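Input: a single structure, listed below in structure tokens.
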Amino acid sequence: MSVLTEKRIVLGVTGSIASYKAADLASKLTQLGAEVDVVLTAAAAQFITPLTFQSVTGRRAYVDADLWGNEGHVLHVRLGKEANLILVAPATANTLAKLAQGRADNLLTLAALTGTAPWVLAPAMDGDMYASPATQANLAQLAERGAHILGPQSGHLASGMTGVGRMVEPAEITAQVRYLLTRGGALAGRRVLVTAGGTQEAIDPVRAITNRSSGKQGYALAQAALDAGAEVTLVSGPTALAAPTGTNLRLVRSAEEMLAEVLEQAKDADALLMAAAVADFRPKASAAQKIKRAGGTPQIELVANPDILAAVTKTRSRKLKAIIGFAAESQDLLQNAQKKLKAKQVDMIVANDISASDAGFEVDTNQVVLVSKQGVQELPSMGKDEVARVVVERLGKFFY
Ligand code: PMT
């Protein structure tokens, strides 16, 4: 089952050059499992054909002529009422004006008016049209009524000029839609705290002791928890990744910074997923200035970092129903995981076999065993997003 399975989206496409990007958007939403009913306005059909959309959604795409076609006069009612979300991308100044006024003179605006689904609108137009008082007033009114307005962005416009008016990229619209349509999931109302990435322990202003954690597994956990409807805070060490849409991202660098942030965020969390690779040691002192080669080879004395999991379990509130730790192991996976389960007093350990080339640090796949008092669940090698989905599914069981 995909994350948007059984979700129906009416994707309204209006007459803008950005309408070609709507095909990519329709494809992305379909790949997430959504049933996407595309409705083109007459102007959109000048830029792109229904066939393009039918090819990527596997479903019929509609134009105004369908209002009077085989499915009779109720097509707009069915489309509007069955939709979980009305998405208009690109949304022209003309269609925004119609939506603001409640005009219903084409299939798209009719469908939008018939249902109660939330509206997500991604404006795209010339910069001056966007800046015009009329468009701004329409957008303000639509936002006040609860419509989600995405963008527009600044950049190169079809007129050849640069300004604010570009449609937000399909990937970002997809991420917003994914977030909005998953709010009612099994973890709705739960606050899940996730840690990800490696910490950096400064030697001097330039150098640090760190590890190979890319943050991929932790970020995938954050996305999986969001997909399950949770409110997610992600405490992350430095990574190259973008946080999933909807996360409360708290960036940290060192283990001590991570400890302080996790303890603060854990106060009102319902669950902690500790995927970060926290450095166990740090330099006793960090040099204020860059250490010069000319000064000879430095001797770096290390001291132990605090154990973050231990600190959380010590101050654990009753609200915190599940603490799930990870264990990166290169040998004796199960035995070491069992030891950590006891020593760290956590509810579950995700034992991570880092000896395989397709598991552990940096790669997109992982191989883990879930170890808890309830037993041992061995998972085959799978994508980190899939591992995250299984872990979050197990997390859900701690609430019942
Ligand atoms: O980020 P990726 O490239 O996707 O890689 C994913 C991963 C391999 C980093 C991840 O799947 C993983 O295994 N994370 C835990 C790595 C680790 O530090 O394991 P550990 O066995 O050293 O620590 C056990 C647990 O204690 C972990 O939950 C860790 O976050 C926690 N810990 C460790 C040290 C410390 N000072 N404080 C802690 O809380």
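Contact map, segment 325-339: first residue open to solvent by less than 90 Å² (accessible area, probe 1.4 Å), second residue near the ligand (Cβ under 8 Å from one of its atoms) and assigned to a helix (DSSP H, G or I), Cβ cut-off under 6 Å, separation 6 or more or different chains; pairs are Gly325/Leu309; Ala327/Lys340; Glu329/Asn336.
Within segment 340-373, restricting attention to residues that are more than 25 Å from Gly229 (Cα to Cα), open to solvent by 70 Å² or more (accessible area, probe 1.4 Å) and not basic (Lys, Arg), the residue that is nearest to the ligand (Cβ to nearest atom) is Glu362.
Which fully enclosed strands (runs of 3 or more DSSP E) of segment 178-278 have 1 or more residues being of a type in the set (Gly, Ala, Ser), buried (at least 19 other Cβ atoms within 10 Å of the Cβ) and at pLDDT 95 or above?
Result: 191-196, 231-236, 271-274.
Taking every residue in segment 203-215 that is more than 13 Å from Val278 (Cβ to Cβ) and within 12 Å of the ligand (Cβ to nearest atom) and pairing it with any residue that is at pLDDT 95 or above and charged (D, E, K, R), at least 6 positions away or on another chain, the pairs with Cβ-Cβ distances below 8 Å are Arg212/Glu362; Ser214/Glu362. Residues of segment 308-318 that are open to solvent by less than 70 Å² (accessible area, probe 1.4 Å) and either out of contact with any Ser or Thr (no Cβ under 8 Å at 6 or more places or on another chain) or more than 13 Å from the ligand (Cβ to nearest atom) (or both): Leu309, Ala310, Ala311, Val312, Thr313, Ser317. In segment 55-166, counting only helices (runs of 4 or more DSSP H) that sit wholly within it, the ones holding 2 or more residues that are touching a helix residue (DSSP H, G or I) at 6+ places or on another chain (Cβ under 6 Å) and in contact (Cβ under 8 Å) with a residue 40 or more places away in the chain span 75-82, 93-101, 107-114, 133-144. Residues that are at pLDDT below 95 and open to solvent by 30 Å² or more (accessible area, probe 1.4 Å) within segment 130-165 comprise Gly151, Gln153, Ser154, His156, Ala158, Ser159, Gly160, Met161, Thr162, Val164, listed in sequence order.
Conditions (1) in the same structural domain as Val369 (by TED's automatic domain parsing); (2) outside any loop (DSSP other than H, G, I, E, B); (3) over 23 Å from Asn352 (Cα atoms); (4) polar (S, T, N, Q), marked per residue:
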position: Arg282; (1), (2), (3), (4): yes, yes, yes, no
position: Lys290; (1), (2), (3), (4): yes, no, yes, no
position: Ala294; (1), (2), (3), (4): yes, yes, yes, no
position: Pro298; (1), (2), (3), (4): yes, no, yes, no
position: Val303; (1), (2), (3), (4): yes, yes, yes, no
position: Val312; (1), (2), (3), (4): yes, yes, no, no
position: Phe326; (1), (2), (3), (4): yes, yes, no, no
position: Gln335; (1), (2), (3), (4): yes, yes, no, yes
position: Gln338; (1), (2), (3), (4): yes, yes, no, yes
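The values are calculated or read from the model by the stated rules, or taken from the named source; none is laboratory data. Given the structure is predicted, the values throughout are model-derived calculations rather than measurements. A quick note on method: Cβ atoms are made from the backbone with ideal geometry, for glycine too, and the neighbour counts reach across all protein chains shown. Just so you know, the surface numbers come from the protein's heavy atoms only, side chains and all, with ligands and any DNA or RNA stripped out. Shrake-Rupley method; radii C 1.70, N 1.55, O 1.52, S 1.80 Å.
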